[in-house]
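Below is one structure, written out as structure tokens, with a few remarks after it.
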Amino acid sequence: MTYGDVMAQILSEASGKPVSTTKELVAMMASVAPDKFAQEIPEAEMAGLLQKLRGELPGIRGWLEQGAAEFDRELRSAKKH
């Protein structure tokens, strides 16, 4: 499993969207730092990272909601002009 796989899994859990959908988002983010997202994670480290991030799901969910709301505001603003 890679860091990108972990990110896609956590974003899926936070958003309720399928992993296939969140992998598309992670692919876009990986274009900025491809080496980090493609890096393989040892099994023990991956389990610990997933557990830690699952503890942060409320904050991650809030971050996603905030980003979606901001995107919506910008989209509405652009339509007015």
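Rule-based calculations on the coordinates, nothing more; no lab input. All values reported here derive from a predicted model rather than from experimental measurement. Positions of Cβ are backbone-derived with ideal geometry, glycine not excepted, and every protein chain shown enters the neighbour counts.
Pairs only if they're at least six apart or on different chains, beta carbon under 7 angstrom, first in region 23-40 and on the phi < 0 side of the Ramachandran plot, second among the β-branched types (Val, Ile, Thr); list them, first residue then second.
Sorted first by the residue in region 23-40, then by its partner, the pairs are Phe37/Thr2; Phe37/Val26; Ala38/Thr2; Gln39/Thr2; Glu40/Thr2.
In the chain, which helices (runs of 4 or more DSSP H) lie fully inside it and hold 1 or more residues that are within 11 Å of the chain's Cα centre (by Cα) and surrounded by fewer than 16 Cβ atoms within 10 Å (Cβ to Cβ)?
Where helices (runs of 4 or more DSSP H) fall fully within the chain and carry at least 1 residues being within 11 Å of the chain's Cα centre (by Cα) and surrounded by fewer than 16 Cβ atoms within 10 Å (Cβ to Cβ), they are 19-30, 57-80.
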